[in-house]
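Colleague: The structure is given below, and queries will be raised subsequently.
The values are calculated or read from the model by the stated rules, or taken from the named source; none is laboratory data. Given the structure is predicted, the values throughout are model-derived calculations rather than measurements. When we count neighbours, we look across all protein chains shown, and the Cβ atoms used for this are built from the backbone with ideal geometry, even at glycine.
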Amino acid sequence: MRTGRLEAFSDGVFAIAVTILVLELSVPEGSEAEPLNAVLDQWPAYLAYLVSFSTIGAAWLAHSVITEHLNGADAVLVRLNLLLLMVVSFIPFPTRLLAQFIHERDAERVAATIYGLNLLLASALVSVLWQYTVRAGLVRPDVEDADIRIFARRLTPGLAGYVVLIGVGLLFPLVALLGYLGIAVFFIVPFRHIRHRDREPDQGRA
């Protein structure tokens, strides 16, 4: 099976998921009298939006790497991909839940746990998708083994981080939320390439 339709459908689902996140942001009540204060009071919604957008973006980047390395797709891979898309498209719901209850002590812990579990499941499915791709021999033959191992290692810290932060969220939901943002930034920002580029001028002078 060629991967063109799988990639197109997946990109569409990712795009719809981030669009729904924007639709969840609403004009606050009382903004006519105190527009700035009304907007600032909704900071949990903006923070939850930032974390969820970054997480979906990181999942899309990882998914793009996987599909870029595909030589083809079989029935199992297509269904694993559908499962990943189902979890990703669900992220706007716990995002709204967290933004709504972040100020309530007991409710925010429940919301943070549901949110963390959703992110953990999405990250785990990305990892499973890549592992199955490698084991089923669906990777392009020109891809080097070193690249395969590097990508697998890069996915591992995210899974461990989500597990730890879910526990942290039971006591400090806001800290967990900031931690989720940190994991997303880790995947989005190419720190390794930045460090390599910074070292190149020094090597040239040497």
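Colleague: Considering only the stretch 52-71, state which residues are outside any helix (DSSP H, G or I) and exposed (fewer than 15 other Cβ atoms within 10 Å of the Cβ).
Modeller: From the stretch 52-71, those outside any helix (DSSP H, G or I) are 69-71; that's our starting set.
Selection gives Asn71 alone.
Colleague: Identify the residue in the stretch 69-115 that is touching a Gly at 6+ places or on another chain (Cβ under 9 Å) and among the polar types (S, T, N, Q) and, among all such residues, is modelled with the lowest pLDDT.
Modeller: Asn71
Colleague: Tell me which helices (runs of 4 or more DSSP H) are completely within the stretch 75-190 and hold 1 or more residues being in contact (Cβ under 8 Å) with a residue 24 or more places away in the chain and among the basic types (Lys, Arg), or say none if there are none. First the steps, then the outcome.
Modeller: On the way: elements: 75-90, 92-101, 105-135, 145-169, 173-188.
By residue number, 92-101, 105-135, 145-169.
Colleague: Turning to a different aspect of this structure: Output the qualifying pairs, or none if there are none: Cβ atoms under 8 angstrom, residues six or more apart or on different chains, first residue in the stretch 48-71 and under 14 Å from Leu181 (Cβ atoms), second residue outside any helix (DSSP H, G or I) and of a type outside the set (S, T, N, Q).
Modeller: As it stands, the answer is Ala48/Ile102; Tyr49/Glu24; Tyr49/Leu25; Ser52/Ile91; Thr55/Ile91; Ile56/Ile91, since those pairs meet every condition given.
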